[in-house]
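Below is one structure, written out as structure tokens, with a few remarks after it.
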Amino acid sequence: MFGVAIFSLTIGAFIPSKPIASSTNAAQTRSVQSAPQGRGKGAPAAIEELNYSDLVSLINSDQRSTIKSLTFKNGSATVIVTRVDRADARVIVPDEGGKQDLRQLAIRHGIAFNVKPQAEPGANLLAIASVVATFLLILFIAASIMKARGAGADGGVMGVAKSPARRVDQLGTSVQKVKFDDVAGCDEAVKELRRVVKGLIGRGVYASFDAELPAGILLVGPPGTGKTLLAKATANESDGTMDILSGSDFVFMLVGVGAGRVRDAFSEARKAVVKSGKPHIIFIDEIDAVGGKRGGGAGGHAGNQEREQTLNQLLVEMDGVQSNRGILLMAATNRVDMLDEALLRPGRFDSQVRVDLPDRKGRECIFAIHSRKKPLHKEITLAALAARTYSYSGAEIKGVCNRAAITAAERWFEQTQELRSQRLSEKEIEKQIPRAITLKDFDEGIDFVRNGNAEPGKQASMTVEQKENTAIHEAGHALSSSVVEGSDPVVKITILRRARALGYVQFMPDGDRITYTMKEAVARIVTALAGRAAQEVLLDVKDAGASNDFEQANNLARTMVTRWGMSRLGQIFVGEAGANGSGIACGAGLADEIDLEVRRIVGACYGVARKIAEADKDRIRKLAAILMEEETMLTDQWLAFVNENPSALTSQEVSFDPTASEKMEGK
Ligand code: ADP
């Protein structure tokens, strides 16, 4: 703990938040066009303050010839820059590593430098020795405390505050090669980041308009939509380096450790800029873990204190980033509403870029990216794959492609075994059975990603009653959707057992859903509940398999009530309360009313589902029988079935308006 505090004090002292120079000198430093200053022989030259990163930028620019030499003083953080036709400048270097980097830069660019011994060596030797001894003693005590608390797991007292960042420029070449062309389905985000890249590699036209680029960019969107990928592409397109961190890397129980890690991450980034002279990106994934709203918990608790200290440190460092040109902070979250407002102020994360789930066209492009090198069967169109994967994220689509390739490889190997044993050449084998990924392989990939691997062994050991139970349940879901207005079309019904489901019905909207109408929301709740309703009506069975259906139905009903104004409570909006999304922001009275209303809607929808099951018993049984025989039914066969077996009810007979006050019949 103490090691971290010492570290904090040191870095803090080395990065002045305000210029030390008087306002006149500071003005001279800022003004690039300031008149050359002749140096009177007798009068001591006025010394200017120069920012460390500005010096690095100057050395890396073609203006470096304005520097005559650099003078380092042993044991001091100050470097004196002697310049052509200008007053000397004083630069405070962040740390010893920074000085070394500066020397290397000077050597690389042929700038003279000299190192002076400390003014009075030995004069304060005793004092220094006693300070060092005290420091070591304190360090030792701190180490013992840390060890006793068991906090030194990842490297002991000195190691725990080290940034855990992965330096991407040191990773494999495949990462290095990530370009914006490898990201699809989020064109607006790419457009914004291309702008940032242009700003990073040369301010060009932006400078001529005095346009400032964002200091920090927040990528906002669900998991797997390509936020990390976008950050990598930004780093690579700007020929820069990058550190990847996760918000949880900064979350500790021990006060000061997270703040130390934040400091270390930024210090490493500054060094990276000095070393390479290139832009550097710090990417913090899941920033909500560290950047959640402050003041959520009772003061004094170590966990809260630590969180607040870490966030404060992040804010301090972000403010420093402005003056450290070359560093760009990027972060990802799905919960921007949970972030502390201070993080979103100008000069911090002042640019928010949305990265949403891809639409149909976007999915098609993502399929194109991830099947670039894969041998696709000529029957496959990427548009068809995109249509089958509504609501799949980029990461899921990548998973689909990969699973399809694995399935195809295994299938092809098995199918060609026989030909191989006949000693046919590879060419002849391929002629008979093309080495290609088929639609069926992709179908497996699509199912695998959402529902896990197929479990034929467990499927085989199921009893007829168990299979029938699943078949009735799935038939109930599917058939209710053919009656209730606003349902999405069915594309697949299966009772093939997978790791995460005994069976399922897949619905896909025709286009991309932009919003939910009330009818669509009600239809979704009814179809979710119709599996259990069919089991109850036809088999008199209640089992645990419907739990996920209930969760979906209740969540949707709650959203309808609290956010969408689709209930008898009218146009209310009740958000979440608390730093961690616990509880809702309303009084106890309204909370009770909301609970009752949610239960009323779910109950009424269940009434509709039961009504359908009662009226359509025969066709549910008929569909279940086909499923038990064939296990899976796809769109065409489904449409034919519904056509031949119409429901006994019309959609009007099962309509339900959650905003109306009358009670549902059948309840
Ligand atoms: P996030 O950071 O939003 O959780 P990632 O960037 O980690 O998502 O996505 C994981 C992987 O999924 C990526 O490396 C990439 O291969 C794939 N992927 C995700 N989104 C996209 C996209 N929009 N375009 C192409 N590939 C994507």
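The values are calculated or read from the model by the stated rules, or taken from the named source; none is laboratory data. Remember, predicted model here, so these are calculated numbers, not experimental data. Positions of Cβ are backbone-derived with ideal geometry, glycine not excepted, and every protein chain shown enters the neighbour counts. For the accessible areas, the whole protein counts, side chains as well, though only heavy atoms, and no ligand, DNA or RNA atoms are used. Shrake-Rupley method; radii C 1.70, N 1.55, O 1.52, S 1.80 Å.
Quick look at the numbers
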{"item": "Enumeration of residues in the range 479-491 that are open to solvent by 10 Å² or more (accessible area, probe 1.4 Å) and either more than 30 Å from Asp657 (Cα to Cα) or not in a loop (DSSP other than H, G, I, E, B) (or both)", "result": "Ser481, Val491"}
{"item": "Those strands (runs of 3 or more DSSP E) lying entirely in the range 188-288 with at least 3 residues modelled with pLDDT under 90 and within 16 Å of the ligand (Cβ to nearest atom)", "result": "241-246"}
{"item": "The range 603-660 - residue that is of a type in the set (Lys, Arg) and closer than 30 Å to Ser567 by Cα and, of those, least open to solvent (accessible area, probe 1.4 Å)", "result": "Lys611"}
{"item": "Glu665 vs. criteria among the charged types (D, E, K, R), at pLDDT below 95 and not assigned by TED's automatic domain parsing to the domain that holds Ala478", "result": "yes"}
{"item": "Every pair of residues 6+ apart whose Cβ atoms lie under 8 Å, when the first sits in the range 449-461 and is at negative phi while the second is of a type in the set (D, E, K, R) and part of a loop (DSSP other than H, G, I, E, B)", "result": "Arg450/Arg500; Asn451/Arg500; Ala454/Arg497; Glu455/Arg497; Pro456/Arg497; Lys458/Arg497; Gln459/Arg497"}
{"item": "For Ala331: the one exception among (1) within 11 Å of the ligand (Cβ to nearest atom); (2) outside the structural domain of Arg263 (by TED's automatic domain parsing)", "result": "(2)"}
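Every residue, every condition in (1) open to solvent by less than 70 Å² (accessible area, probe 1.4 Å); (2) within 26 Å of Asn469 (Cβ to Cβ); (3) acidic (Asp, Glu); (4) outside the structural domain of Arg621 (by TED's automatic domain parsing), yes or no:
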| position | (1), (2), (3), (4) |
| --- | --- |
| Val541 | yes, yes, no, no |
| Ala553 | yes, yes, no, no |
| Thr559 | yes, no, no, no |
| Ile572 | yes, no, no, no |
| Leu596 | no, no, no, no |
